[in-house]
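What follows is a set of notes on a single structure, which appears directly below.
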Amino acid sequence: MNLSFDFFYTSILLGIGLAMDAFSVSLANGLNEPNMKKGRMCGVAGIFAAFQFAMPFIGWICVSTVAQYFKAFEKCIPWIALGLLGFIGGKMLYEGIKNKDSDEDKPAVGFKALLVQGVATSIDALSVGFTISDYDCLHALLSCLLIGIVTFFICFAGLDIGKKAGTKLANKAGILGGAILIFIGLEIFITSWF
């Protein structure tokens, strides 16, 4: 397999498609933390990008080695995403309602919560391993790297948009961010059945 235009085009399109859930969660994180600094934004976008890089590659490894086990696990993916995003979104929603009239800054989403968000928004990317199963290891790595890079920039944009909207929405941002996360979890779950 060579590095053709189609290879890059397909990988970038996969990256855009896979990054949409992470974009929405980034938007919610930006809403929740409107004073987020550029360095933290890079770190948050980097976590999402790392998971979007790793999950398709793990999927590729599974398809290349233990595909029969992966097919059984694939049915659990929507349930896992719903549970993780529902939990984090519910927590943000609760804290937003509890502190609705407070003028103090909302706490930043912690590292553990970011890891959970990263898993929840990228777990469906495991199935991309099937899409790239005919790639050799080097091409699979490069494709996953392109997916990660695209995700980084899309998530950074989501954080920036969320920050700008968050300063305008003030105290309602945490509520909106939590509702968005719950909606994304439900959307992943519902669309997996159709």
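The values are calculated or read from the model by the stated rules, or taken from the named source; none is laboratory data. Model, not experiment: these values are computed from the prediction. All Cβ positions, even for glycine, are placed from backbone atoms using ideal geometry, and neighbour counts span all protein chains on display.
At a glance:
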quantity	calculated
Which listed residue is small (Gly, Ala, Ser), in a helix (DSSP H, G or I) and surrounded by fewer than 22 Cβ atoms within 10 Å (Cβ to Cβ), from Ala157, Ala140	Ala157
Residue in the range 63-71 that is modelled with pLDDT of 80 or more, buried (at least 20 other Cβ atoms within 10 Å of the Cβ) and either of a type in the set (Val, Ile, Thr) or over 30 Å from Asp134 (Cα atoms) (or both) present	no
Which listed residue is more than 19 Å from Phe23 (Cβ to Cβ), at pLDDT 75 or above and more than 13 Å from the chain's Cα centre (by Cα), from Leu138, Leu186, Leu146	Leu138
Ser4 hydroxyl-bearing (Ser, Thr, Tyr) and touching a residue at least 40 places away in the same chain (Cβ under 8 Å)	no
Whichever residue in the range 101-121 is part of a helix (DSSP H, G or I) and at pLDDT below 85 and, among such residues, is surrounded by the most Cβ atoms within 10 Å (Cβ to Cβ)	Thr121
Selection from the range 17-62 of residues that are crowded, with 24+ Cβ neighbours inside 10 Å, small (Gly, Ala, Ser) and under 13 Å from Asp124 (Cβ atoms)	Ala19, Ala22, Gly59
Tally of residues being of a type in the set (Ser, Thr, Tyr) and part of a helix (DSSP H, G or I) across the range 122-137	3
